[in-house]
Amino acid sequence: EAQVTQNPRYLITVTGKKLTVTCSQNMNHEYMSWYRQDPGLGLRQIYYSMNVEVTDKGDVPEGYKVSRKEKRNFPLILESPSPNQTSLYFCASSSSDRIANYGYTFGSGTRLTVV
Amino acid sequence: DAKTTQPTSMDCAEGRAANLPCNHSTISGNEYVYWYRQIHSQGPQYIIHGLKNNETNEMASLIITEDRKSSTLILPHATLRDTAVYYCIVRPLNNNDMRFGAGTRLTVKP
């Protein structure tokens, strides 16, 4: 089944403790992206990647890092999490093929709480 | 990216057609109209997209005005499971940057 898999689904952590949220897709998509969703603010893009070893900042990149060493994986790294990073996070992927491009496929989300 | 304007919320009776409007008056010639929906806190789900012709798939129909300044997503027979936030987005087909607005919260009532 074509899908984007995020792990973990739920995470509670303490301020300053480094964490990684993994994202993997099995559709050979070139493009991957991370969003966070907060009440009243909608979905905001954190980082995106056009292909392997190519990443760029979205609208709210502060406090986050990403890497794209393989086409299928796009982990989101919080080096020193803070309470304002408590949010619902979504990973998404998309094909760059113009004909086959039907927009994004989203993961199921990771609900992160930083205390 | 062209901005879109959608009503904040709408109600629809179960079994009736749900018509969700979207204004995109500054849309460019190479920008497509995409619709997604998000059920509760799940990941957004792609519904349909189009350029200038009306489109239909198993989920919905998309009607784009001739001047392309607005569109309507139609769910022909809404069910309770269609209750969700619906997002209208415009973007060039070869640009993967997808910017989500606030969307329309559709509530389907029995």
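Values in this text are rule-based calculations from the coordinates and carry no lab data. Only a predicted model underlies this, so the values are computations on that prediction, with no experimental measurement involved. Because the Cβ atoms are built from the backbone with ideal geometry, glycine has one as well, and the counts that use them run over all protein chains shown.
Points to keep in mind about this one:
- Residue that is farthest from residue B:85 (Cα to Cα) [pool: residues in segment B:1-41 that are in contact with a Gly (Cβ under 7 Å, 6 or more places away or on another chain) and of a type outside the set (Phe, Trp, Tyr)]: B:33
- Members of segment A:49-64 that are assigned to a strand (DSSP E or B) and within 11 Å of chain B (Cβ to nearest Cβ): A:49, A:50, A:51, A:56
- Near pairs, Cβ below 6 angstrom, 6+ apart or cross-chain, from segment A:26-42 (facing chain B (nearest Cβ under 8 Å)) to any residue that is in a loop (DSSP other than H, G, I, E, B): A:31/A:96; A:31/B:96; A:42/B:100; A:42/B:102
- Residue B:38 closer than 30 Å to residue A:51 by Cβ and surrounded by fewer than 17 Cβ atoms within 10 Å (Cβ to Cβ): no
- Residue identified as within 8 Å of chain B (Cβ to nearest Cβ) and surrounded by fewer than 20 Cβ atoms within 10 Å (Cβ to Cβ) among A:94, A:80, A:108, A:67: A:108
- So residue B:57, is it polar (S, T, N, Q), within 12 Å of chain A (Cβ to nearest Cβ) and in contact with a Phe, Trp or Tyr (Cβ under 7 Å, 6 or more places away or on another chain): no
- Flag if residue A:66 is β-branched (Val, Ile, Thr) and within 21 Å of residue B:89 (Cα to Cα): no
- Selection status of residue B:18, in contact with a helix residue (DSSP H, G or I) (Cβ under 7 Å, 6 or more places away or on another chain) and of a type outside the set (Val, Ile, Thr): yes
- Selection within segment B:39-96 - free of Cβ contacts under 8 Å to residues at least 12 places away in the same chain and β-branched (Val, Ile, Thr): B:56, B:63, B:65
- Of the residues making up segment A:65-81, those that are farther than 19 Å from residue A:30 by Cα, assigned to a loop (DSSP other than H, G, I, E, B) and not small (Gly, Ala, Ser) are A:79, A:81.
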